[in-house]
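The structure under discussion appears below in the form of C-alpha cells.
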Amino acid sequence: MNPLRRVRRYSLMFFALLNVYSLALFAEPNENPFPEFKLSLVVTDLNNPWAFVFLEQDKLLITEKSGRLLLVQHGHIQSWILGIPEVLNQGQGGLMDVALHPDYQNNGWIYLSYAYEDDEGNATRVIRGHLDNYTFIDQQIIFTASPLKQTPVHYGARLAFLPDNSLLITVGDGFDYREEAQRLTSQLGKIIRVNDDGSLPSDNPFASHKEYDPYIYSYGHRNPQGLIYDHVNNRIIAHEHGPTGGDEINVIEAGENYGWPVITKGTDYSGALISPYKTYPGMRLPNFDWTPSVAPSSMIQYKGAMFNELKGDLLISTLKSHDIKWLQMKDNQFIQQHSILGHLNHRIRDIDEDGDGAIYVLTDGENASLIKLTAKDVIVETSQITTE
Ligand SMILES: [Ca+2]
C-alpha cells in the first residue's frame, strides 16, 4: 500500500473513532448543551485551504492559499478552476475568501479575495468573475487596498454582502502599520464598503469628506476575518484577531472607530503594553472579548432547521483554540459560549452550512479536510465520505 493511501485510511479510522467519541461526549448529563451530531469527512488532502462556499447543495468551491480554486461535487474534487490570477502565497497571504453575489442565481458573479503583489508592495485585492465550465472568466478588479504594504501578513480579506447588495471587505493593519488603522486616509485596518461592481456607494459614512478615504465604512481594526450580516437583528457583526489576548467581536456601525491600536485588551507578542488605554472617548469597546486569544478565523449566523437550538446564534471557527465557539444570542446580546470539536485538535479555518442546515468546517494547514456535522437523527449518506 502506498504511504498516502495508508495515511488516508488511518485518517478515516481516526474520524470514525472521533464520531463515536463525540456522541459519547455529549451523552453525559449536564454537559455541553450543543445538540448531538455525527461527523463525516467530505473531502481530504486539501493543502492550506482558506474558505469555501456552496454553489448549490453538494457542490462547492474551496480556495487554497497557493492560488487553487477547487470545484467539489458530491464529495469529490472535480477540477481546479483555470484562470485564477497569480497570488502572493507567502506568510498569511494567498488566495483567501470566496463569496457569491446575493443574486448569484441570476447573474453568476463569484467574488474572490487574495494577496496581490506588484513591484511596489502587496495588498488585499478583490476580483469577481463567472465560472464557465472550469474557467474563471469575465474578471473584473473590484478593490485593491491602498497604500501597498511590504509585510505578507494581516490582510483581513473576509467578504460579506449587505441586503442592498453592497459588499463589505475587511482589510487588516499589515502588522507593521498599525497606526494606519486610525488614519482615515489609509485603507489599512478598516472595513471597506463598495458597490457590487466596485464603485463608491454614495451613502458611505465619509463619502462627502474630501480629505478622507470615501470607501471606509469603519476603522480602528487590527485583522478582522469574521464578518456577517445578522439578519435577525439587522446589523453587521465582525470579529478580529487581537495581539496576545484581546480578540474581539464588534457590532459594526457606519463611520465608527473600533479603537485599535489605541485601546485593546491584548498585549504585544513581546509582552509589552500596546497602549496605556483601555477606553478612549469616541472609540467603541468590543461587544465580546476573548482573552486569552482563541484566534477567530471565520463566522456564520446559523439559519438552518437541522439544529433548531442554534438558530440565529453565531458559530465561530478558531485557529488557536482548535474549536468552534457557539455564541448564543438573546435580545441582541451575546450571552454565553460553548465549545465543540476541540477533541479533533485541529486549527479550524472556515465554517458554513448547506441548504439542509448541516454544518461544514474546514481544517487548516497541510492535509486539511472538510468535515460535515449532521444532527444525530439524520441519515448520512456514506457516499459523501471520501474513500479510495
Ligand atoms: Ca477594538
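For D203, D350, which order do you get if you count the other beta carbons within 10 Å of each Cβ and list the fewest first? Present the calculation step by step, with values, prior to reporting the outcome.
Working: D203 11, D350 26.
Fewest-to-most ranking of D203, D350: D203, D350.
Taking a threshold of 31 Å on the Cα-Cα distance, which of the pairs K278/K325; K149/K210; K278/K330; K190/K325; K149/K372 fall above it?
On the way: K278/K325 25 Å; K149/K210 24 Å; K278/K330 27 Å; K190/K325 25 Å; K149/K372 37 Å.
The pairs that break the limit, which is 31 Å between Cα atoms, are K149/K372.
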Tilt of helix 3-27 relative to the longest C-alpha principal axis of the chain, in degrees (0 to 90, nearest 10)? 90
Near T151, within a Cβ-to-Cβ distance under 13 Å, what is the net charge of the other residues, with Lys and Arg +1 and Asp and Glu -1? -2
Near L200, within a Cβ-to-Cβ distance under 11 Å, what is the net charge of the other residues, with Lys and Arg +1 and Asp and Glu -1? -2
Whole-angstrom gap from region 212-228 to region 91-144, using each part's C-alpha centre: 19
Would you mind telling me which residue in T267, T151, T63 has the biggest mean-square fluctuation in a Gaussian network model of the chain, where springs connect alpha carbons within a distance under 10 angstrom? T267
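Only counting other Cβ atoms within 10 Å, I'd like W290, W80 sorted with the fewest neighbours first.
On the way: W290 25, W80 15.
Ranked by crowding around the Cβ, least crowded first: W80, W290.
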Pick out which of I252, I137, I77 has the largest mean-square fluctuation in a Gaussian network model of the chain, springs linking Cα atoms closer than 10 Å. I137
Scoring the chain by relative contact order with C-alpha pairs under 8 Å, at least six apart, yields a percentage of 14
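For the chain, give the magnitude of the charge dipole about the Cα centre (Cβ charges: +1 Lys/Arg, -1 Asp/Glu; no others), in debye to the nearest 20. Numbers along the way, then the final one.
Working: 31 positive and 48 negative charges, 150 e Å.
Roughly 720 debye, rounded to the nearest 20.
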Take the Cα of L82, step 7 Å along the line toward its Cβ, and report every residue of region 118-162 whose backbone nitrogen sits under 13 Å from that point. 132-137
Where Lys and Arg each count +1 and Asp and Glu each count -1, what net charge lies around Q78 among other residues with Cβ under 12 Å from its Cβ? 0
Kirkwood hydrodynamic radius of the chain from all distinct Cα pairs, in Å? 21.3
Between T135 and N287, how high is the FRET efficiency from 1/(1 + (r/R0)^6) when r is the Cβ-Cβ distance and R₀ = 30 Å? Nearest 0.05. 0.10
Taking only C-alpha pairs under 8 Å that are 6+ residues apart, what is the relative contact order of region 261-319 in percent? 25
Among Y269, T291, M306 the positive-end extreme of the charge dipole of region 266-319 (Cβ point charges): M306
Region 292-306 - phi-based ³J(HN,Hα) in whole Hz, Karplus 6.51/-1.76/1.60, Gly and Pro as x: x, 5, 10, 6, x, 9, 6, 6, 10, 9, 5, 10, x, 9, 5
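Mean residue ellipticity at 222 nm from the helices of the chain, using -39,500 (n - 2.57) per DSSP H segment of n ≥ 4 over the full residue count, to the nearest 500 deg cm²/dmol?
On the way: 2 runs with 29 residues, N = 388.
So the helix-based figure for the chain works out to -2500 deg cm²/dmol.
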In nm, to one decimal, how far is the modelled label at N195 from the one at K59, with both set 7 Å along Cα→Cβ? 3.0
Cα→Cβ-extended label distance, 7 Å offset, between E179 and E36, nm: 5.9
Magnitude of the Cβ-charge dipole (Lys and Arg +1, Asp and Glu -1) of region 173-319 about the Cα centre, nearest 20 debye, reported as 200
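Kindly put I348, I228, I237 in sequence by how many other C-beta atoms sit within 10 Å of each C-beta, fewest to most. Show your work: numbers first, answer last.
Working: I348 26, I228 18, I237 23.
Placing the least packed residue first, the sequence is I228, I237, I348.
Taken together, the values in this text are just the output of simple stated rules run on the coordinates, not laboratory data. Just so we're clear, the structure is a prediction, and the values are computed from it rather than from any experiment. Please note: Cβ atoms are built from the backbone with ideal geometry, for glycine as well, and neighbour counts cover all protein chains shown.
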